[in-house]
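A quick write-up on the structure given underneath.
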Amino acid sequence: MSLQEELQGPPPAKLVVDHVSKWFRQKRQNVHALDDVSLEVEEGEFIVIVGPSGCGKSTLLDIIAGLEKPDKGRVLADNQPVHGPGRHRLVMFQESALFPWLNTFGNVMFGLKLKPDLRNRERREVAKFFLRLVGLEKFMEANVHELSGGMKQRVALARALAPNPRVLLMDEPFAALDAMTREQLYGDIQQIWQKRRKTIIFVTHNVREAACLADRVVIMSPTPGRIREIFEVDLPRPRDFNSIEIARHASQLTAALKGYLAPEALSVE
Amino acid sequence: MRRTLLAVLFFVALVAIWAALVHAKIWSPVLLPSPRSVMDYLTSAARDGTLFSASGVTLRRLLVGYFIGLAIGLPLGLLTASLTFAEDTIGVLALGLQTLPSVCWVPLALLWFGQTEGAMLFVVIMGTVWSVVIATDTGVRTISPIFARAARTMGSGPFHRWIYVILPASLPHLISGMKQGWAFAWRSLMAAEIYVTILTGFGLGHLLHYGRELNAMDQVIGIMLVIVVIGLLADKILFSPWERFLHRRWGTGRT
Ligand SMILES: Nc1ncnc2c1ncn2[C@@H]1O[C@H](COP(=O)(O)OP(=O)(O)OP(=O)(O)O)[C@@H](O)[C@H]1O
Ligand SMILES: [Mg+2]
C-alpha cells in the first residue's frame with residue numbers, strides 16, 4: 001500500500017444501530033441506560049448527539065465502538081455485526097486519554113504500530129503528517145504533561161485520525177477547552193472530515209457546536225435513554241460558528257431539548 | 001557544580017567533627033576510633049584483598065537473589081491484580097508475609113538449607129518477592145481504565161495490552177516497588193550474614209561480625225561505611241536513571 005493510498009484510505013462506513021437496549025445492574029438498582037435505540041448513519045455522515053447528562057450518550061458510543069455489549073439489539077458496521085472493538089471504529093474520549101509514558105509522537109504512533117501492512121518509515125510519515133495537520137509538528141518530542149489542555153486534545157485527535165479509521169466516535173472531545181481553541185478546532189474538524197471522508201458520531205452538550213458541525217442532530221432524553229428527535233441541519237459548509245444561521249438552529253435545538261426534559265430538571269440549563 | 005561543592009563540604013565537615021570528637025578524648029579510642037585508623041583498616045583490607053572479595057561475595061548473593069525475586073514477584077503481582085482467585089490467595093499471602101521482617105526467615109532458611117549459599121539466597125528472595133508483588137499489584141490496579149479502553153479501540157489485543165499499556169502505565173509503582181524490594185533484600189542479607197557463618201563465602205556481614213568478636217572498632221566502622229556506600233551506589237546506578245526518566249515523562253517530582 002502506498003503512502004498516498006494510506007492517507008486516502010478506504011471509504012467511510014455505514015452504521016446501523018438496531019433496537020439497542022442496555023441496563024447497568026448495580027447492587028441498589030438497575031439503571032436503564034438505553035431503551036430501544038435505533039439509528040441509521042449513512043457513509044460519510046456527520047452525526048451529532050445531544051442530550052442532558054446521563055441520557056446514555058457515552059454508553060451508546062461505547063456500544064457502537066464495541067467496548068460494551070448491548071443487552072438487546074445489535075450494531076452493524078457495513079452490514080457486519082459488531083462484536084468487539086476494532087481499528088475501523090476509533091473513539092476519542094472526553095479526557096484526552098493520552099499515554100503519559102509515551103511522548104507526543106509515540107502516542108500518535110501507537111495505533112499506527114497496530115496496523116500490520118505498513119512499513120515503519122511509512123508509519124512515521126503518517127504520524128508526522130497528522131501532527132502537522134493539528135499544528136503540533138514542533139511538539140513531536142514533547143511529553144504529555146508539557147502540553148496544554150487544548151494541545152492534548154489536538155494530539156488525541158491526531159492519534160485518532162492517524163490509523164485512518166472509517167468511523168470516528170468523539171465523546172465531548174472539546175468540552176474542557178476554552179472557546180477560542182474550540183472554535184479553531186471546529187474549523188479543523190470540518191476540514192478533516194470533508195477532505196478525508198469519514199463517518200463521524202460526535203457527542204456534545206453544546207447545541208451551537210451541534211448546529212455548527214452536524215448533518216443531522218440526534219436529540220436524546222434520559223431515564224431511560226431514548227432518541228426523541230432527529231434534526232437535519234441543511235447549511236452549506238464550512239460553517240461559521242458565530243453566524244446567525246447557526247444561532248437560529250441552536251435555539252431550535254434548545255427548545256426541542258427543553259421539551260423533552262423532565263419538569264424538575266428544567267432549571268438546570 | 002555548586003551543589004556538588006556544598007555536598008563535599010558537608011561530608012568534610014562531618015569527618016572533621018568526628019576527628020574533633022576523637023581528639024577531645026570523651027570516649028576511649030577503643031570505642032571511637034579516629035578517621036585515620038578506620039582509613040588505615042580500609043586500605044589494608046583493600047590491599048590484602050579481603051575487602052573486595054567480601055564485597056564481591058555479598059553483591060553476588062544480593063544481585064542473584066534480587067533478580068530472582070523480581071522475576072518471581074512481577075508476574076505474581078500481575079496475576080493477583082488480574083485474577084480474583086489469585087488476589088484472594090497469593091495476594092493475601094503476600095500482604096501477610098510482607099509485614100514479616102525478613103530477618104525472621106533466617107532460622108527457617110538455616111533449618112531447610114543448612115549453612116549454604118542456598119540459605120542466603122532464600123533469605124534475600126523472601127525479602128524481595130513480597131514487596132515487589134504488592135507494588136506491582138497496586139501499580140496495575142491504580143491504572144486508569146481509560147488507557148486500556150483507548151488501546152482496545154486502536155486494535156490492541158490482550159497480550160499487546162499487557163506489554164505496551166499495563167506495564168508501562170504502572171511503571172511508577174513498579175520502580176518504587178523494586179526500590180523497596182532492593183532495600184529489603186539488602187537488609188535481610190546483612191542480617192543473615194551477620195548471624196550465620198557460612199562456609200561457602202565470606203561476605204561483608206561476616207567481616208562486621210568478626211570485627212565485633214575481635215573488638216576491632218575500626219573494622220566495624222570501616223565495613224559499615226562500605227555497606228552505606230554500596231547502598232548509595234546501587235541507588236544511583238540501578239534506580240536513579242529510571243526515576244529521572246519517570247520525572248521527565250510523567251512530569252512528577254521536582255521540575
Ligand atoms: N459502568 C457503569 N456502571 C453503572 N452505571 C453506568 C455505567 N456507565 C453508565 N452508567 C449509567 O448509565 C446512564 C447513562 O450514562 P452515560 O455515561 O451514557 O451518560 P451520558 O449521556 O454520557 O452523560 P454525560 O453527558 O454526563 O456524559 C447513567 O445513569 C449512568 O449512571
Ligand atoms: Mg458521557
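Derivation of every value follows stated rules applied to the coordinates shown; laboratory data play no part. Because the structure is predicted, anything quoted here is derived from the model rather than measured. Cβ sites come from the backbone with ideal geometry, for glycine too, and all protein chains shown count toward neighbours.
Working note: Cα atoms of segment B:1-144, range along each principal axis, descending, whole Å: 64, 45, 29. Radius of gyration over Kirkwood radius for segment A:219-264, both on Cα atoms: the Rg/Rh ratio is 1.07.
Just so you know, the Rg over Rh for chain A is 0.97, from Cα atoms, with Rh as the Kirkwood radius. For segment A:3-266, the antiparallel share of DSSP beta bridges with both residues in that region comes to about 55%. Taken about its Cα centre, chain A carries a charge dipole of roughly 740 debye when the Cβ of each Lys and Arg holds +1 and the Cβ of each Asp and Glu holds -1.
Above 45 Å lies some portion of the pair distances; for the protein assembly as shown, what is it as a whole percent of all C-alpha pairs? Cα-Cα pairs in the protein assembly as shown separated by more than 45 Å: 37 percent.
With all pairs of different alpha carbon atoms counted, what Kirkwood hydrodynamic radius in Å does segment B:34-250 show? All intermediate terms of the calculation are to be shown ahead of the outcome.
Working: mean 1/r = 0.0526 Å⁻¹.
This gives a value of 19.0 Å.
Taking the helices alone, chain B has a mean residue ellipticity at 222 nm of -24500 deg cm²/dmol, built from -39,500 (n - 2.57) per DSSP H run of at least 4 residues and averaged over all its residues.
Can you give the longest stretch of chain B with no exposed loop site, where a site means trypsin sites (Lys or Arg not before Pro) in a DSSP loop (not H, G, I, E or B) with at most 11 other C-beta atoms within 10 Å? Mind dumping the intermediate values first?
Values: sites that count: B:Lys25, B:Arg254.
The answer is B:26-253.
The residue among A:Asn30, A:Tyr186, A:Ile49 whose Cα reaches farthest toward the positive pole of the charge dipole of segment A:3-266, with charges on the beta-carbon of Lys, Arg, Asp and Glu, is A:Asn30.
Among the listed pairs A:Lys57/A:Lys258; A:Lys22/A:Lys258; B:Lys179/B:Lys236; A:Lys115/A:Lys198; A:Lys128/A:Lys195; A:Lys138/A:Lys195, those with a Cα-Cα distance over 21 Å are A:Lys22/A:Lys258; A:Lys138/A:Lys195.
What residues of segment A:96-111 lie in the reach of a label at A:His145, counting those whose backbone N is under 14 Å from a point 7 Å from the Cα along Cα→Cβ? Residues A:99-103 qualify, since their backbone N sits under 14 Å from the label point. Computed over segment A:92-245, relative contact order equals 22 percent, with contacts defined as Cα pairs under 8 Å that lie 6+ residues apart.
Projecting the Cα atoms of B:Gly155, B:His209, B:Val165 onto the charge dipole of the protein assembly as shown, computed from C-beta unit charges around the Cα centre, puts B:His209 farthest toward the positive end. Taking label positions 7 Å along the Cα-Cβ direction at both A:Glu137 and B:Ile163, the computed distance is 3.2 nm, reported to one decimal. Summing Lys, Arg as +1 and Asp, Glu as -1, what charge do residues with Cβ under 9 Å from the Cβ of A:Gly225 carry, A:Gly225 excluded? Local charge sum for A:Gly225: +2. By DSSP, the beta bridges lying fully in the protein assembly as shown are antiparallel in about 55 percent of cases.
Excluding A:Phe105 itself, calculate the net charge of residues whose Cβ lies under 10 Å from the Cβ of A:Phe105, where each Lys or Arg counts +1 and each Asp or Glu counts -1.
Values: positive: A:Arg124, A:Lys128; negative: A:Glu137, A:Glu141.
Net local charge, A:Phe105 excluded: 0.
What you get for segment B:34-250, charging only the Cβ of Lys and Arg (+1) and of Asp and Glu (-1), is a dipole of about 800 debye around the Cα centre. When the P(r) of segment A:63-176 is calculated, the portion above 17 Å amounts to 56% of the C-alpha pairs.
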